[in-house]
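Read the structure below first, then the notes.
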Amino acid sequence: MTARKKSTSKNKAAEIFIPDKLYFRIGEVATLCRLPAYVLRFWETEFPQLKPVKSSTGQRMYRKRDVENVLRIKQLLYEQGFTISGARQHLRSETKSDTTQAAIPFPAHSAAELKHIRQGLREILNLLSTRRTG
């Protein structure tokens with residue numbers, strides 16, 4: 001029975017819909033994530049991944065990525081039983097593995113393809129410069 005409760009709580013965390021907005025106030029994040037605002041403020045001191053920007057009035061403004069990080073931290077601490085330092089280390093290792101995977105180089109172009117691209121860019125530049133002077 002406890003396993004069933006855990007699986008439903010994981011589903012609830014996955015089901016949280018984050019609205020498509022640029023910024024969220026701390027109260028909105030607290031409501032979305034079902035956490036008190038003081039917990040969010042404390043987590044900001046413990047997790048370098050949480051860095052909400054401050055508005056001109058000093059209000060914390062969370063981005064969507066910050067809200068996703070809050071949900072991830074909540075999952076690690078409340079559902080998976082990590083300590084704060086353990087969760088911090090786990091997040092660090094996740095970001096390291098993400099950056100190594102994301103560092104895929106751009107597709108290599110042959111010299112002929114690059115020459116063709118440069119020629120096309122020169123033609124565009126010539127068209128634009130003749131419009132200015134003409």
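The values are calculated or read from the model by the stated rules, or taken from the named source; none is laboratory data. Being a predicted model, the structure only gives us computed values, none of them experimental. We place every Cβ from the backbone using ideal geometry, glycine too, and count neighbours over all the protein chains shown.
Structure notes:
- Leading residue by the ranking (farthest from residue 78 (Cα to Cα)) among those in segment 20-63 that are assigned to a loop (DSSP other than H, G, I, E, B) and touching a strand residue (DSSP E or B) at 6+ places or on another chain (Cβ under 9 Å): 55
- Residue among 79, 94 that alone is of a type in the set (Asp, Glu), at pLDDT 85 or above, surrounded by 10 or more Cβ atoms within 10 Å (Cβ to Cβ) and on the phi < 0 side of the Ramachandran plot: 79
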